[in-house]
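Here is the structure we will look at, set down as structure tokens.
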Amino acid sequence: MSKIERVEVRLINLIPPVKRTDAIQSFISQETPIIRIYDDQGAIGTGYCYTIGVGGHAVVDILQRHLCPQLIGRDPVYIEEIWHDLLFYSHATSVGPIMSLSLAAIDIALWDLRCINAGEPLHVLAGGAQHDLTLYTTEGGWLHIETKDLVTDALRAKAEGFSGSKVKVGRPHISEDIERLRAVREAVGPAYEIMVDANQAFQPDEAIRRAAQYESLDLAWFEEPMPADDLTGHIRLSSSTCLPIAVGESLYSLGQFREYMTMNACSVVQPDVARVGGITPWLKIAHMAEGFNLPICPHFLMEIHVSLVAAVPNGRWIEYIPQLESITQSGIRIKDGRAFPSSKPGLGIEWDWDKITHMQNSQNNPVFNVK
């Protein structure tokens, strides 16, 4: 039996290496809270989450002032118990993005600590269902990118062995989306997957209209067509189109995913481990999706999702968007367009603490120690 002695909380701001735009926002800043949980046996577990430019300081404040003090003296092996205790402790502000992100940082760190102490990699300890995974890329499909450059990137990804590319949709008129998508489809041929993502831009009438036009392009899925809280709209859309409807990056609890699955409002499930509150609820969502015979194709965070998708039998795709290259010693292993989870104990993320410390100091962000 071990005990948690200390928790370290820090914040760094990562600037994306390329311009990222979609139908509703520009992704110009990634605030990244990072925590380290120290046990009395000398082991350290690291967890993290992220925000798209707003809210990182709020997450750090919740961790430092409220949640991390609840960890001191606890046995870190009881991850499920700790997660539920923290959820109840914060029940007046749950379910919601900021609290889910805060819970995720802790839960991910506890899983890292568990895997390190067990000497096993995350993908094995969490299930061990797959050895390698299919990749698709989003980095060359942002909404501002010109059509010829979309085509160039898709052809490059296909040549490197990737199995698909995502193209952002939501140009002012549907004809613009169709022109861009048709050019990519004609270039890559029928055996290469194209995903489209509207980032919640449409109302039901426009989503239904655009889906009807997209159908002839044989798309892998139509992602976040409407605001995530419009369950009724997604039910209407799913019943009106043959396109698989993908949702999940803007859902924050097991119950929200349950409603979408139960009401046949989606065909592809995309939980984000940071936004749902960590690995503990992520695995429940994945196994619930398995019960509905639905695939798991998570949003973003490829450095940790590569291990989680490999842990479950219904994990289908990993989204290629490099996130942590500037603060890690190596990225995920990719060969012939397929991703391989790390065989090292823990999350499989090789943090570069010198770079993290330098970045944190240059951004004048303090380190908080909770004892």
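Which of these, T152, T262, T138, has the largest mean-square fluctuation under a Gaussian network model of the chain (Cα springs below 10 Å)?
Between T152, T262, T138, it is T262 that shows the largest mean-square fluctuation.
Enter the mean projected area of the convex hull around the alpha-carbon atoms of the range 119-249, in nm², rounded to one decimal. Could the numbers behind the result be given before it?
Values: hull surface 38.4 nm².
Result: 9.6 nm².
How far is helix 147-159 tilted, in degrees, relative to the longest principal axis of the Cα atoms in the chain, given as a value from 0 to 90 rounded to the nearest 10?
Result, in degrees: 60.
Which whole-number value in Å³ per residue fits the convex hull of the alpha carbons of the range 245-288?
Numbers: hull volume 2.4 nm³, N = 44.
Taking the convex hull of the Cα positions in the range 245-288, it is 54 Å³ per residue.
From the P(r) of the range 124-340, could you give the percentage of C-alpha pairs in the tail past 32 Å?
Details: 3268 of 23436 pairs.
Value for the range 124-340 (Cα pairs over 32 Å): 14 percent.
Whole-Hz ³J(HN,Hα) for each residue in the range 71-87, computed from phi via Karplus 6.51 cos²θ - 1.76 cosθ + 1.60 with θ = phi - 60°, x for glycine and proline: what do you get?
Calculated HN-Hα couplings, in order: 8, 4, x, 7, 7, x, 6, 8, 5, 4, 4, 5, 4, 5, 4, 5, 5 Hz.
Match the structure shown to one of the listed values [x] 1.44; [y] 1.26; [z] 0.97 of Cα Rg over 2.2 N^0.38 Å, computed from it, and give that label.
Looking at Cα Rg over 2.2 N^0.38 Å for this model, the match is [z].
Over the range 174-236, what number does the Rg to Rh ratio reach, with both radii from the alpha-carbon atoms and Rh per Kirkwood? All intermediate terms of the calculation are to be shown ahead of the outcome.
Values: Rg = 12.1 Å, Rh = 12.2 Å.
My calculation of the ratio gives 0.99.
Please report the antiparallel percentage of DSSP beta bridges with both residues in the chain, rounded to the nearest 5. Before the final figure, lay out each step's value.
Details: 26 of 47 bridges.
For the chain, the DSSP antiparallel bridge percentage is about 55.
Treating the angle as unsigned and between 0 and 90°, give the value, to the nearest 10°, between the Cα long axis of helix 231-240 and the longest Cα principal axis of the chain.
The angle comes out at about 40 degrees.
For the range 217-371, what size does the Cα cloud have along each of its three principal axes, sorted from largest down, in whole Å?
Taking the Cα atoms of the range 217-371, the three principal extents are 53, 38, 29 Å.
In the structure displayed, which of K158/K344; K335/K355; K166/K335; K19/K168 lie more than 23 Å apart, Cα to Cα? Before the final figure, lay out each step's value.
Details: K158/K344 29 Å; K335/K355 27 Å; K166/K335 20 Å; K19/K168 13 Å.
With Cα atoms farther than 23 Å apart: K158/K344; K335/K355.
Residue farthest toward the positive end of the dipole of the range 124-340, with Cβ of Lys/Arg at +1 and Asp/Glu at -1: which of L155, L143, G315?
Farthest along the dipole direction, towards plus: G315.
Given charges of +1 on the Cβ of Lys and Arg and -1 on the Cβ of Asp and Glu, with all other atoms neutral, how large is the dipole of the chain about its Cα centre, in debye to the nearest 20?
Numbers: 31 positive and 45 negative charges, 38 e Å.
Its charge dipole is roughly 180 debye.
Nearest 10 degrees, 0 to 90: what angle lies between the long axis of helix 204-214 and the longest principal axis of the chain (Cα atoms)?
Roughly 60 degrees between the two axes.
What is the order of C49, C115, fewest Cβ neighbours within 10 Å to most?
Lowest to highest Cβ neighbour count: C115, C49.
Computed from the coordinates by the stated procedures, all read-outs in this text should not be read as laboratory data. Worth saying up front: this structure is predicted, and the values here are computed from it rather than measured. Counting neighbours? That spans all protein chains shown, and the Cβs are built from the backbone with ideal geometry, glycine included.
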